[in-house]
Amino acid sequence: MPARHLIIGGGTAGMNAIRTIREEERIRGMDPSEITLVSAERPYSRMVLPYYLWGTISESHVYTAPPAALTAWKVKALVGRRAKALDPAARTLTLDDDAKVEYDDCLIATGSRAAKAPIPGADGPGIHCFWTLDEAKSVIAGMPPGSRVVMVGAGFIAFTILNAILARGAKLTIVEVAPRILPRMVDDACAGIVQGWLEDHDVAVRTGATVTRIEQVGGKRKLSFKKGDPLTADLVIMATGIRTNLEWLQGSGIETAAEAPGGIVVDDHLRSSVKTVYAAGDVARGRNLVTGLAEVHAIEPTAQEHGRVVGANMAGRDVAYRGSLLMNIVEVAHLDVASFGQWEDPKAEVYTARRSGRSEYRKLLFHGGRLTGAVICGPAEAVWTTNDVGMLKGLVSSGVDLSTWKAHLKANPFDVKPAFIALHTTSRLLPETILGRPSQSPQLPQTVAL
């Protein structure tokens, strides 16, 4: 009897698991297993929603696995269904319509949802999050050219859609309760450069600003603040964080972490406290590649890697996961901004350099000879910025010993290329694949019916 795999969640982690199961089966000459997908929405990529908002891609290009693709992969797709309760002892999942799905092993990849700040009036008309395709459609409908838009929250999520808002001809004001923008991505010095760059591009920024109420006044949205004058907007976007979708697991016996942001506790194979139940993506509290500590990394690359590791293990391989690198990379009105690893570690040895007149900044953090974190920003048109983003990521993720180059990097934080080349970092990185081989996803039909 073929194995029965259950994938709960049709996002990046879930879809990568499905692809990898079929990939492994084909490579190893195995008969296809049974795969059931439970997904509240049609599978699509959240990371391309900013391009959909911008208008550079159509809705059809948002979806990652249309019905024809799922059929080609022999997946039983229960789309539009939500997980209600899990019984690991009986190996059954109860759906929102009380139907039950039996499984031999399952993956929990239910991801996150937008978390609105508890502001009176935040649930009124013209106030949106930007986390789902339906929310993206609402934002597009409510933001004709010339609209005044206020974005509450100045973190990574907000900045992924900033360019699209400007491209649609909106007048944008960013409001952040923290003392600086991008508070969980860059330090004060870098945030100051980014804020100045935004203001030079006609984006208004308010930091240290607490919204106390949002009211509907004459067809507009009026935002009041603890300090400062109110703002009026045609549309408000709430980008105030995310929350993992794990409430439905209560009573299942699956161990979750008590400390924020929670997450399912997993081992190095991404198995939960119940060995037939895996977790991946935003809901998994996995290993930090740099520190070795258990953390939730709610980022796309981690979800991709988690999905492939779980898929391989479900298919019968024994694959351990090295850990994920905390990283954020965003382009802000043609300014590249990125951070990697432990970029705010107070115990690290820190080297910084700044070219204020050119909006360029670099921060390197060391523990001994290892680069454990980095922050970088610079104009996207500068080739060195693009190159150095990749090289810094490679140096942090590879853990290469930079002891002989520390004096040079301390004096010249902008000059990482000689160290990257001299230490053969590329040759260290090229053999590193999650599964020890290149991806070989199943072939799809040439014509996919949407």
Practice task
Arrange the peptides 3-11, 239-247 so that the one whose residues have, on average, the most other Cβ atoms within 10 Å appears first.
Solution key: 3-11, 239-247
Practice task
Keeping the other protein chains in place, figure out the carbon and sulfur percent of the accessible area of the stretch 273-388, with a 1.4 Å probe.
Solution key: 49
Practice task
Can you grab the distance from the C-alpha centre of the stretch 315-349 to the C-alpha centre of the stretch 162-207, Å, no decimals?
Solution key: 22
Completion exercise
Shape call for the stretch 35-139, from the Cα gyration tensor axes a ≥ b ≥ c (a/c under 1.5 means rounded, otherwise prolate when a/b beats b/c, else oblate), comes out oblate
Practice task
Figure the gain on full extension for residue 178 and residue 30 (residue separation times 0.36 nm, minus the Cα-Cα span) and round it to one decimal in nm.
Solution key: 47.9 nm
Practice task
Mind running the shape call on the chain? Use the C-alpha gyration tensor, a ≥ b ≥ c as the square roots of the eigenvalues: rounded below 1.5 for a/c, prolate if a/b tops b/c, oblate otherwise.
Solution key: oblate
Fill in the blank from the handout: Stretched fully, the stretch from residue 258 through residue 427 gains (0.36 nm per residue minus C-alpha distance, one decimal, in nm) 56.8 nm
Practice task
Run down the lysines and flag those whose C-alpha is under 19 Å from the C-alpha of residue 222, throwing out any fewer than 8 positions away in its chain.
Solution key: 116, 171
Problem - Relative contact order computed over the chain (Cα-Cα under 8 Å; 6+ residues apart), in percent - result: 16
Practice task
Express the carbon and sulfur contribution to the solvent-accessible surface of the stretch 52-138 as a percent, rounded to the nearest whole number, probe 1.4 angstrom.
Solution key: 52
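Peptides 118-125, 394-401, 105-112: what's the order by average Cβ count within 10 Å, highest mean first?
105-112, 394-401, 118-125
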Completion exercise
For residue 406, counting only lysines whose alpha-carbon sits under 24 Å away and dropping same-chain residues fewer than eight positions off, the answer is 347, 363, 393, 417
Handout entry: Euclidean distance between Cα centres, the stretch 214-232 to the stretch 379-419, Å
Key = 45
Practice task
May I ask you to derive the FRET efficiency for residue 411 and residue 132 from their Cβ-Cβ distance with R0 = 35 Å, giving the value to the nearest 0.05?
Solution key: 0.15
Problem - Ordering of 168-174, 299-305 by packing [mean C-beta count within 10 Å, highest first] - result: 299-305, 168-174
Problem - Accessible area per residue, Å², the chain with all protein chains present, probe 1.4 Å - result: 44
Practice task
Mind checking the full-extension length gain between residue 212 and residue 382? Use 0.36 nm per residue of separation minus the Cα-Cα distance, one decimal, nm.
Solution key: 57.1 nm
Exercise for the section: Please give the solvent-accessible surface of residue 197 in Å², to the nearest 10, using a probe radius of 1.4 Å with every protein chain present. Expected result: 40
Problem - Set of lysines with alpha-carbon distance to residue 100 below 23 Å, sequence-local pairs under 8 removed - result: 74, 76, 84, 275
Problem - Per-residue ³J(HN,Hα) for the stretch 242-257, Karplus 6.51 cos²θ - 1.76 cosθ + 1.60, θ = phi - 60°, Hz, x for Gly and Pro - result: 10, 9, 5, 8, 10, 4, 5, 8, 4, x, 7, x, 6, 6, 10, 6
Practice task
Can you tell me the FRET efficiency between residue 334 and residue 276 if r is taken as the Cβ-Cβ distance and R0 is 56 Å, rounded to the nearest 0.05?
Solution key: 0.70
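The values are calculated or read from the model by the stated rules, or taken from the named source; none is laboratory data. If you're wondering where the values come from, they're calculated on a predicted model, not measured in any experiment. In this analysis, Cβ positions are derived from the backbone assuming ideal geometry, glycine residues included, and neighbour counts consider all displayed protein chains. Ligands, DNA and RNA are excluded from the accessible area calculation, which covers all protein heavy atoms including side chains. Shrake-Rupley method; radii C 1.70, N 1.55, O 1.52, S 1.80 Å.
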